[in-house]
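A short write-up of the structure that comes next.
The values are calculated or read from the model by the stated rules, or taken from the named source; none is laboratory data. Not measured: the values here are computed from a predicted model. Ligands, DNA and RNA are excluded from the accessible area calculation, which covers all protein heavy atoms including side chains. Shrake-Rupley method; radii C 1.70, N 1.55, O 1.52, S 1.80 Å.
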Amino acid sequence: MNCSISGEVPEDPVVSKKSGLLFEKRLIERHISEYGKCPITGEPLTADDIVPVRTGKIVRPRPAQAASIPGMLGMFQLEWDSLMLANFAMEQQLHTARQELSHALYQHDAACRVIARLKKERDEARSLLALAERQIPMSAPSTIAANASVHSNGKPAADDQLGPGLRNVRPGISPNILDDMTECNSVLSQQRKRRQISPTLAPVDALERYTQISSHPLHKTSKPGILSIDIHSNKNIIATGGVDTNAVIFDQPSGQIISTLSGHSKKVNSVKIVPRDDLLITGSADKTVRIWQGSDDGNYNCNHVLKDHTAEVQAVTVHATNNYFVTASLDGTWCFYDLSSGLCLTQVEDPSASEGYTSLAFHPDGLILGTGTTGGLVKIWDVKSQTNVAKFEGHVGAVTSISFSENGYFLATAASDGIKLWDLRKLKNFRTFTPYGPDTPTNCVEFDYSGSYLAAAGSDIRVIQATSVKLDWNTIKTFPDMSGTGKATSVKFGPDAKYIAVGSMDRNLRIFGLPGDDSAMEP
């Protein structure tokens, strides 16, 4: 039965009461609305004069051309032709998109080169400005030095022609700064007396189940190696310093790189996050220290380039006030800086020794400074007087890392011969660990903020439970070095020890924690 108008099998058939003819419903209704009569007989016809015909809805009627093999072949040919035309149009669009992408990438690369050149010129200008500011006379001795730096013929003398007492004259740590540090020490000491371990601290049984949960390639493959790690505990932001001369700011919760800081010409040995004003300090083998300022768009700009050292800058540590910081170098000096201005207030050298400094850390209260030397000596300094008040001997090889416990009593140091724990109250070594062989140094030791755990990095990563002088310090977890290099260089605990960040001599930052524990990633 075919429609009397279209000649095809109707999908929704109706019959005229007057003529008995079969129609497609939508066609006859349109014809009635326009002409008001039957298209075949010409008789007057209304919508009430048509009656629907019930048909099966499961099996739909086939079109007329599908009733024969030639018709079906024709349908297949039409479908094939339309498919080929659509494929050809898609190929054309793909070719056009590739050309546009290639052009956009070329423009992006050119823009990046221009930006890099402009940043380099800006950094050089800022460094020259900072150098000029530091050469402004700050006191009478500075005026003497300035006068002494001119020959009798009126020409300026080179730095290396000045006497030892006239080079690098510093204004010194002012009484106001000392008062600020003393007040901070008093407040922190009082807080420490009633300090309690956080109830959200990860327990021992949780650390025993830690495993690698993520790995992030942050640095270049051409010069792999992460040398230093620091964590912004309030934001779960991680900073890394690499052999590729870059520092990287990484957002732990999202797993994304926030910014890559380029400017140093050699490897970045130390990075320290200053929670105040989104500041970052980097120390490099190029003998310079840089202070970086975060901006609203996520980028970091270099505010100061500090060139007070004459050899590699090995370590950086920030004072508890977040207003000052100290750097240590292989030139055998440590420098005390004002963070806001980048001014070196004093540069301290031990006249009785010629060894360079390889590690550095502030005591949690801020009035004691610990330094490690290339000769295995640990020195404790009184920051107020800049005098060496204690020396710890016993290490073999350079002291690679220093970490003070937040309880204020313990100091952990690492070197080629392993780890030593020192009691600051009695000034003696009360525990020694040799986790690795004599040919494998311990590259890093780090207490967590609670002082409950101590992490060590060498050919693997170990977590030790911190107890007391008399009790045993047991290793509760050992992680293999997943980089394959056998050199884990840096380790840092996340907030409440909910995760552990590890850097090795490949370009990956690795995060160890409990699988599926999303709360550890939240700031």
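A few comments on the model shown:
- Within a straight-line Cα-Cα reach of under 16 Å, LYS426 can be paired with the following lysines, leaving aside sequence neighbours fewer than 8 residues apart in one chain: LYS379, LYS391, LYS470.
- Using the 1.4 Å probe convention, the accessible area of the chain works out to 52 Å² per residue with neighbouring protein chains retained.
- Phi to ³J(HN,Hα) by Karplus 6.51 cos²θ - 1.76 cosθ + 1.60 over region 351-359, Hz, x for Gly, Pro: x, 8, 9, 10, 7, x, 9, 10, 8
- From phi via Karplus (6.51, -1.76, 1.60), per-residue ³J(HN,Hα) for region 387-392 in Hz, x at Gly/Pro: 10, 7, 9, 7, 9, 10
- Fraction of accessible area attributable to carbon and sulfur, region 13-60 (%, probe 1.4 Å): 53
- Under 24 Å from LYS120, Cα to Cα: lysines that are on another chain or at least 8 residues apart: LYS220, LYS223, LYS266, LYS267, LYS272, LYS287, LYS307
- Element breakdown for region 183-513 at a 1.4 angstrom probe: carbon and sulfur atoms account for 46% of the accessible area.
- Rounded to the nearest whole Hz, the Karplus-based 3J(HN,Hα) values (6.51 cos²θ - 1.76 cosθ + 1.60, θ = phi - 60°) of region 426-440 follow the sequence 9, 6, 8, 7, 10, 7, 9, 10, 10, x, 10, x, x, 8, 10, with x at glycine and proline.
- For LYS477, a cut-off of 25 angstrom between C-alpha atoms picks up these lysines, skipping any fewer than 8 places away in its own chain: LYS420, LYS487, LYS492, LYS498.
- Ordering GLU100, GLU24, GLU208 by accessible surface, largest first, gives GLU100, GLU208, GLU24; the 1.4 Å probe counts only protein heavy atoms, with every chain in place.
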